[in-house]
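A short write-up of the structure that comes next.
Values in this text are rule-based calculations from the coordinates and carry no lab data. Owing to the predicted nature of the structure, the values given are computational and were not obtained by experimental measurement. Neighbour counts are summed over all protein chains in view; Cβ atoms, including those assigned to glycine, are modelled from backbone coordinates with ideal geometry.
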Amino acid sequence: MMESIVNWIVESVGALGYIGIFIMMFLESSFFPFPSEVVMIPAGYLAAKGEMNLFLAILSGIAGSVAGAWFNYLLAYKWGRGALLKFLKEHHLEKLEKFFEKHGEISTFNGRLIPGIRQYISFPAGLAKMHPVKFTLFTALGAGIWVSILALLGYFIGENSELIHKYIKEITIITLIVLSIITFIYLKIKR
């Protein structure tokens, strides 16, 4: 079943091209739980076959990720505080906002690289009304790294799904270790 879904996605990305990558990555970065692996790895594979340009595929993935993140950011910016006050006390919400005020950049950057978090990190950014330029920059940096890793994985070993499954776990673990180091350095510099 999974193989037929992946084949459909490869065909869809191939048929819709860069716009298809943009749309699927928009969905992945908004609150729809749609894995980026099933978009960017096939895009990289299609680039290796000469059916796409790798640079444009990565650029489309980043643009879709940023657009989806902005969708969530704007939802939280406009309606988030009022909605959250129904579930949280005012002082808890203020703590969240102060934390994000101090550490919003690194949180946004890191969040874009952590599976399960990347779809939702834009909500606290919008809630805290993070500066739009900083939000876009750190979202694009984090998403750019992740999208590039996946596209390159598809480009170099896209035909071998076993290797992809093996390396995606290792890459995720290495990414989390590097993020921990970057965060530690960031906090030391901030102090």
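Can you tell which of 126, 104, 50 shows the greatest fluctuation in a Gaussian network model of the chain with Cα springs below 10 Å?
50
Expressed as an acute angle from 0 to 90° and rounded to the nearest 10, what is the orientation of the C-alpha long axis of helix 37-48 relative to the principal long axis of the chain?
40 degrees
In what sequence do 114, 157, 181 fall when counting other Cβ within 10 Å, fewest first? List each step's numbers first, then the result.
Values: 114 15, 157 18, 181 9.
Going from least to most buried by this count: 181, 114, 157.
Compute the helix-to-body angle for 2-29: its Cα long axis versus the longest principal axis of the chain, expressed 0 to 90° and rounded to tens.
For helix 2-29, the angle is close to 50 degrees.
Using a 10 angstrom cutoff on alpha carbons, build the Gaussian network for the chain and name the most mobile of 84, 54, 179.
Largest GNM mean-square fluctuation: 84.
Nearest 10 degrees is fine. How inclined is helix 132-157 to the longest principal axis of the chain, computing both from alpha carbons?
The angle comes out at about 30 degrees.
Hey, which of these cross-link pairs are over 20 Å Cα-Cα: 89/188; 78/129; 102/169; 134/169; 102/129?
Violating the 20 Å Cα-Cα cut-off are 89/188; 102/169; 134/169.
Quick one: dipole size for the chain, taken about the Cα centre, charges +1 on Lys/Arg Cβ and -1 on Asp/Glu Cβ, in debye to the nearest 20.
1060 debye
Cα centroid distance between region 66-98 and region 18-39, in Å?
Going from one Cα centre to the other spans 23 Å.
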